[in-house]
Amino acid sequence: MSSKPETDTSNFDEIAALHGIPATYEDLQGQVREVPVSTRRRMLKALGVNELSSAGVSPPQMEIGENSRCYLPRFLEEERVWGISLQLYELRSSRNWGIGDFADLKVVCEVAGAAGADFVGLSPLHALFLAEPSRCSPYSPSNRKFLNPLYIAVDHLPGFDEAWVDRELLAGLRMSGTIDYEGVTTLKLSVLRKIWSRFREGDARTDEHEDFAQFCIARGDELHKHALFDAIALELAARRTRAGGWPDWPEEYRTQDSEAVRCFEWERRDEVDFHCWLQWVASKQLANAADHARASGLRIGLYFDFAVGEAPDGSSTWSRPDLVLPGLRVGAPPDMFSTSGQDWSLTALSPKALQAQDMVPYDELLDASMRYSGALRIDHAMGLWQLFLLPEGETPAVGGYLRYPFEEMVGTLAKVSHRRKTIVIGEDLGNVPTGFREVMEEAGILGYRVFYFEPIEDGIFDVSRVLGMSLACLSTHDLPPLIGWWRGDDILLAEEFALTDRAGAAVSMQERQERRSAFMRAVREAGLVDDPVGSLSEPSVAISEEVFIALHRLLARTPSRMVAVRLADLAGEDRATNVPGTSDAYPNWQLKLRLPIEELAGSSLFTRIVDAVAFERPKRV
């Protein structure tokens, strides 16, 4: 921290604000909070602003330029559509290797298409950490430009040989109710290396070899550096050196242009090529799944989630340190749900670096996901305008906002959206700046409406007031499916893991009771149930199947252009995907669905829900 006195700051305040760093911000409770001068100095330093000069600088504005409206297909202007959202890893099947993969995705697309859906939504597919399989959160990626090779359907690759598979390990991976990421990584990489050897030793003049060569050329140096990163990380892990992220590597490997890295690159070039090949294989299988989705009747196809940032120790920051803000982390300010605020442990892109390169890195980053997707959800869409940043090693209490060049960010988003014909959805939950949602709508970005968070006034939930220019859903991956949410499982887990105290849990249970009552009143007044079954006075009350179906029909009746039904709900799950604020206490991002995908279409609950939703949102022929 700077030791300079924090007095006589009026000139400093003005100059910092011109660089997009306000001296204060308003939190969710309407309280104005001051940002310490020391924090703002750290932000200026990260931006590369060494001189306290305002020459040639103008403050960012929340405005969009001409031709900055994102793509919307014509049918979405006239119809309300629906789809199924899921975590790809959670899919259980008789053929996968203990984790859902791109072949499983094709099966789900077929089921969804037959049910009348128009999209299948996925959690982020970004590259994670092959050398540290336990780092499995899709929202803390190593690199957003590349894919997670663990989603490759290895048995669908040319050259695959069943004899290479450890049958005992495979059986254990399939039977487990949670993802054994270590075991999956070990098994898949061992077989993929054998397929790679067969591919590499084959006739180099084939179309497949030419396609791989062109892929490497098109993805360029960043693909090579990402592959090099994974190769080094796995080598260090094999040596039983502490692998971790690159800041924990031996000093000589921490910069990608060091002599040690160049030597490794030359000596292990086949290993680096292998990791480039993994990305090619993953991209081919995902592209094939996207084509299959459309062929199955999904007019939008695949709907992806785009994480708000990247891990500070992953391949992205190692490969392109010039694009990120050093020494700062993305988080959220203190609020009623988290009195100390949140540190998301993610890095942020430097707005000045993006502008200096005419937004090309941002264009390429978005294009990496949009090339496969018919819709893209921007996690924490407010990041188009501002991100809450805190200095590394500090608490969110001293954090503050950094503004981004909104017009250029949205302009780039719209350009790539039209180029790839991809719908854009902005996750606009949390501390949303005044006027942000209105500008989102002007830019053709759909909002994100979650039933569990929608306003209730005087005990009434009015579904007709849900924003039409939006995607609506019951819940997110950070909350239990409907069965568990209705019981208040998330509140009980928060108390169990000391994320809240007994008094706080009691208040939350009372609020949950009020929301349940409002939902019951809404489905009753909509004529979707005759008479609620069971007392709603007990927190542990179980939701009846009739009310369960009715809430999905109520969801489908919203004015929202798009509605996403959670696969976990369709499969009758009750366990949360992720419990925010926990790490080892709960198996975050590890739970599989109990129902195999082969049994989905024959499930009574699945059939009743999709039939009800399709009835409310019929697809025009």
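Given the options 395, 434, 422, 476, name the one that is modelled with pLDDT under 95, within 18 Å of the chain's Cα centre (by Cα) and not charged (D, E, K, R).
476
Working only within the stretch 159-204, note down all residues that are under 16 Å from residue 282 (Cβ atoms) and among the basic types (Lys, Arg).
188, 193
Suppose we keep only residues that are assigned to a loop (DSSP other than H, G, I, E, B) and out of contact with any Gly (no Cβ under 8 Å at 6 or more places or on another chain) within the stretch 482-502. Which one would you say is nearest to residue 520 (Cα to Cα)?
488
Go through the stretch 301-322 residue by residue and tally those that are in contact (Cβ under 8 Å) with a residue 60 or more places away in the chain and part of a helix (DSSP H, G or I).
Of the residues in the stretch 301-322, 5 are in contact (Cβ under 8 Å) with a residue 60 or more places away in the chain and part of a helix (DSSP H, G or I).
When the residues of the stretch 178-205 are narrowed to those that are of a type in the set (Gly, Ala, Ser) and in a helix (DSSP H, G or I), which ends up nearest to residue 596 (Cα to Cα)?
Filtering first and then ranking leaves 183.
Considering the stretch 402-441 alone, what residues qualify as being farther than 23 Å from residue 473 by Cα and of a type in the set (Ser, Thr, Tyr)?
404, 412, 434
Residues that are under 30 Å from residue 321 (Cβ atoms), at pLDDT 95 or above and buried (at least 21 other Cβ atoms within 10 Å of the Cβ): does the stretch 109-122 have at least one?
Yes - at least one qualifying residue is present in the stretch 109-122.
Answer yes or no: is there a residue in the stretch 574-590 that is outside any loop (DSSP other than H, G, I, E, B), touching a strand residue (DSSP E or B) at 6+ places or on another chain (Cβ under 7 Å) and modelled with pLDDT of 95 or more.
no
In the list 555, 551, which residue meets the criterion of being modelled with pLDDT of 95 or more and either assigned to a loop (DSSP other than H, G, I, E, B) or more than 21 Å from residue 508 (Cβ to Cβ) (or both)? Walk me through how you get there before you give the answer.
Details: 551 fails: either assigned to a loop (DSSP other than H, G, I, E, B) or more than 21 Å from residue 508 (Cβ to Cβ) (or both).
The unique qualifying residue is 555.
Does residue 354 meet the test of being crowded, with 21+ Cβ neighbours inside 10 Å and more than 28 Å from residue 582 (Cβ to Cβ)?
Taking the combined requirement at face value, the residue satisfies it.
Against the condition more than 15 Å from residue 103 (Cα to Cα), part of a loop (DSSP other than H, G, I, E, B) and not assigned by TED's automatic domain parsing to the domain that holds residue 582, how does residue 172 come out, does it pass?
Judged against the criteria, residue 172 is not a match.
Does the stretch 248-283 hold any residues that are without any contact (Cβ under 8 Å) to a residue 12 or more places away in the chain, touching an Asp or Glu at 6+ places or on another chain (Cβ under 9 Å), of a type outside the set (A, V, I, L, M, F, W, C) and in a helix (DSSP H, G or I), and which are they?
Matches in the stretch 248-283: 252, 259.
Applying the selection to the stretch 423-435, what residues are of a type outside the set (Val, Ile, Thr) and crowded, with 20+ Cβ neighbours inside 10 Å? Spell out how you get there, then give the answer.
Start the filter on the stretch 423-435 by keeping residues that are of a type outside the set (Val, Ile, Thr), which leaves 426-431, 433, 435.
Residues satisfying the conditions are 426, 427, 428.
Hey, does the stretch 459-469 have a residue that's crowded, with 19+ Cβ neighbours inside 10 Å, modelled with pLDDT under 95 and assigned to a helix (DSSP H, G or I)?
yes
Would you check if there is a residue in the stretch 78-99 being farther than 30 Å from residue 151 by Cα, surrounded by 14 or more Cβ atoms within 10 Å (Cβ to Cβ) and among the acidic types (Asp, Glu)?
Within the stretch 78-99, one or more residues are farther than 30 Å from residue 151 by Cα, surrounded by 14 or more Cβ atoms within 10 Å (Cβ to Cβ) and among the acidic types (Asp, Glu).
Tell me which residues, restricted to the stretch 348-392, are more than 22 Å from residue 47 (Cα to Cα), among the aliphatic types (A, V, I, L, M) and touching a Phe, Trp or Tyr at 6+ places or on another chain (Cβ under 7 Å).
Once the filter is applied, which keeps residues that are more than 22 Å from residue 47 (Cα to Cα), among the aliphatic types (A, V, I, L, M) and touching a Phe, Trp or Tyr at 6+ places or on another chain (Cβ under 7 Å), the stretch 348-392 yields 375, 376, 378.
Restricting the search to the stretch 411-422, which residues are surrounded by 20 or more Cβ atoms within 10 Å (Cβ to Cβ) and in contact with a helix residue (DSSP H, G or I) (Cβ under 6 Å, 6 or more places away or on another chain)?
Listed by number, the residues that qualify are 412, 416, 422.
Identify the residue in the stretch 235-269 that is acidic (Asp, Glu) and within 31 Å of the chain's Cα centre (by Cα) and, among all such residues, is surrounded by the most Cβ atoms within 10 Å (Cβ to Cβ).
The qualifying residue surrounded by the most Cβ atoms within 10 Å (Cβ to Cβ) is 235.
Give me the strands (runs of 3 or more DSSP E) completely within the stretch 25-142, filtered to those with at least 1 residues that are free of Cβ contacts under 8 Å to residues at least 40 places away in the same chain, ordered by residue number.
Here the list reads 32-34.
Name the single residue, out of those in the stretch 135-159 being over 25 Å from residue 366 (Cβ atoms) and in contact with a helix residue (DSSP H, G or I) (Cβ under 6 Å, 6 or more places away or on another chain), that is modelled with the lowest pLDDT.
Out of the qualifying residues, it is 159.
The values are calculated or read from the model by the stated rules, or taken from the named source; none is laboratory data. Quick caveat, the model's predicted, so the values are computed rather than measured. Because the Cβ atoms are built from the backbone with ideal geometry, glycine has one as well, and the counts that use them run over all protein chains shown.
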